[in-house]
Amino acid sequence: MKIGVLALQGDFAEHISMLKKIGVETAEVRLPKHLNGLDGLIMPGGESTTIGKLAVAYNLMDPLREFGKSHAIWGTCAGAIFLSKDIGRSQPLLGLMDIKVQRNAFGRQVDSFETDLKIDELFKATGTEHPYHAVFIRAPIIESVHGKAKVLSALEDGRIIAAQEGHLLATSFHPELTNDTRFHEYFISLAS
Amino acid sequence: MEAKTGTWTEKKGLAQMLKGGVIMDVVDAKQAKIAEDAGACAVMALERVPADIRADGGVARMSDPDMILKIMDAVSIPVMAKCRIGHFVEAQILESIGIDYIDESEVLTPADEEHHILKHNFKVPFVCGCRNIGEALRRIGEGAAMIRTKGEAGTGDVVEAVRHARSVIGSIKQLQVMGDEELMTFAKNNGAPYELVKEVKELGRMPVVNFAAGGVATPADAALMMQLGVDGVFVGSGIFKSGDPAKRAAAIVKSVTHYQDASILAEVSKNLGEAMVGRNAAHMPEGEKLAVRGW
């Protein structure tokens, strides 16, 4: 099992250290050739506009779309935005997941928050039941899911913050900023 | 399920999202758009870039909140702004308008020559400058959630940025081979909080994100700082004091991502036009140096 982490910009090193913690081999992806031999890909948090521009500049858009047809991809925060089809404004998107996302949906940095979540699918997959502590930073929300995409988790007010479409996963929050490896284990199960 | 805001994880976390990126100084909404379009991961809103602050002289203060708000409206990326060292009321004002990050900066004229702001008192995160590990850990002790090496702002001369990054990173390496019994003396000699010294030894890195700043003017400068081991770069005067800001900004963004790939660095370094007119930091009178501000 070898998982790549898109290393154009953002907290890719944090994802790599989580993957190492659960014994998974990793690689940094900056150019199309770096996708060779990978079983899955994580797209980290960061600035989605920066990541999108660099992906366009280094011809990664089509190779990433192709990769996502047959391999697991997980986007956290900016990565989730990049995976989506529609964000209601113009910036480069992979359009792999049938979800509509709104950037910076909770406000500015002073509104960023941490909270505990109940995520049944994750608890079932990892055989655990203690709450999942999620860190949101200038976070997006998933406004709506369409087609084969389904809701994985929502806040108490109904706002969607995690979605899955087959082997594709999107979270508004940052499991890589915690010590809880359950989401990374869940993603590995999708990549297997 | 209660939501908590303004936590240490949140403050440090936003800086983690900026890693591998370029934060650019901008003086108006138009420059902010150029920076965002070039791929900046954040912008620093200020009335005058450091090169102009040097040229104009006088007292440099926090920028007009209206000008900062216009920049916040113009872009979707995080916006930072500077307050004077020790001027906690300027910081309160910046927090109240919803700024994403405050730079308690030596580039502005210090308001207090003995104390920095107690940054733990704020919900908004702070970044502070440092020249060495002691200064970095004192700032983190006061609550800075991000550090930048100071360099010498507004010169276009990278030599001081290199000196400060090498100093900080060299000290981290030194700590790795020290015995635990040596840490208290290290803390004393460097004027650094003991608990943070222990943490740096355990982590093998700074407990918060560490960017380079002050004198970065070319893609090669930016990649040099990345290879020395910083997490990202601030570019102040280097972009909008150059011949073709949009092109240079995009090239520096690419150089920070591909900092280890010399063929890409060669490609992005081509035909960038005039770099900012440099000012040799070594020949600068002590009184004009900004990096010495900070205690």
Quiz item: Restricting attention to the range A:1-12, and to residues there that are among the hydrophobic types (A, V, I, L, M, F, W, C) and within 16 Å of the chain's Cα centre (by Cα), which single residue is nearest to the other protein chains (Cβ to nearest Cβ)?
Solution: A:8
Quiz item: How about the range A:110-192: which strands (runs of 3 or more DSSP E) wholly inside it have at least 1 residues that are within 23 Å of residue A:38 (Cα to Cα) and among the hydrophobic types (A, V, I, L, M, F, W, C)?
Solution: A:160-165, A:168-171
Quiz item: Restricting to the range A:126-176, what's the tally of residues that are in contact with a helix residue (DSSP H, G or I) (Cβ under 7 Å, 6 or more places away or on another chain), of a type in the set (D, E, K, R) and under 20 Å from residue A:78 (Cα atoms)?
Solution: 2
Self-check item: Subset of the range A:13-49 (residues that are open to solvent by less than 30 Å² (accessible area, probe 1.4 Å), within 14 Å of another protein chain (Cβ to nearest Cβ) and under 16 Å from the mean Cα position of the chain (by Cα))
Solution: A:14, A:15, A:16, A:18, A:29, A:43, A:44, A:45, A:46, A:47, A:48, A:49
Quiz item: When residues of the range B:98-150 are filtered for being touching a Pro at 6+ places or on another chain (Cβ under 8 Å) and β-branched (Val, Ile, Thr), how many remain?
Solution: 3
Quiz item: Out of the range B:23-67, which residues are assigned to a loop (DSSP other than H, G, I, E, B), touching a Ser or Thr at 6+ places or on another chain (Cβ under 8 Å) and among the aliphatic types (A, V, I, L, M)?
Solution: B:40, B:46, B:49, B:59, B:60
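Does residue B:279 count as farther than 23 Å from residue A:58 by Cβ, surrounded by fewer than 20 Cβ atoms within 10 Å (Cβ to Cβ) and under 18 Å from the mean Cα position of the chain (by Cα)? Walk me through how you get there before you give the answer.
Details: farther than 23 Å from residue A:58 by Cβ: yes; surrounded by fewer than 20 Cβ atoms within 10 Å (Cβ to Cβ): yes; under 18 Å from the mean Cα position of the chain (by Cα): no.
Against the criterion (farther than 23 Å from residue A:58 by Cβ, surrounded by fewer than 20 Cβ atoms within 10 Å (Cβ to Cβ) and under 18 Å from the mean Cα position of the chain (by Cα)), residue B:279 does not qualify.
Of all residues in the range B:83-115, which are open to solvent by 20 Å² or more (accessible area, probe 1.4 Å) and not hydrophobic (A, V, I, L, M, F, W, C)? Write out each step before concluding.
Our first condition is that a residue be open to solvent by 20 Å² or more (accessible area, probe 1.4 Å); within the range B:83-115, this holds for B:84, B:87-89, B:92-93, B:95-97, B:109-115.
Correct list: B:84, B:87, B:92, B:95, B:96, B:109, B:110, B:112, B:113, B:114, B:115.
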Practice problem: Would you mind finding the one in B:12, B:70 that is at the interface with another protein chain (Cβ under 10 Å from one of its Cβ atoms) and either in a helix (DSSP H, G or I) or of a type in the set (Gly, Ala, Ser) (or both)? | Solution: B:12
Quiz item: Residues of the range B:173-223 being under 21 Å from residue A:11 (Cα atoms) and either open to solvent by less than 30 Å² (accessible area, probe 1.4 Å) or hydrophobic (A, V, I, L, M, F, W, C) (or both), which ones?
Solution: B:200, B:203, B:206, B:207, B:208, B:209, B:210, B:211, B:212, B:213, B:222, B:223
Practice problem: For the range A:82-141, name all the residues that are open to solvent by less than 30 Å² (accessible area, probe 1.4 Å), of a type outside the set (A, V, I, L, M, F, W, C) and more than 9 Å from chain B (Cβ to nearest Cβ). | Solution: A:84, A:95, A:132, A:140
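The values are calculated or read from the model by the stated rules, or taken from the named source; none is laboratory data. Quick caveat, the model's predicted, so the values are computed rather than measured. Note that we place each Cβ from the backbone using ideal geometry, even for glycine, and neighbour counts take in every protein chain shown. Note: accessible area is taken over every heavy atom of the protein model, side chains too, but ligands, DNA and RNA are not part of it. Shrake-Rupley method; radii C 1.70, N 1.55, O 1.52, S 1.80 Å.
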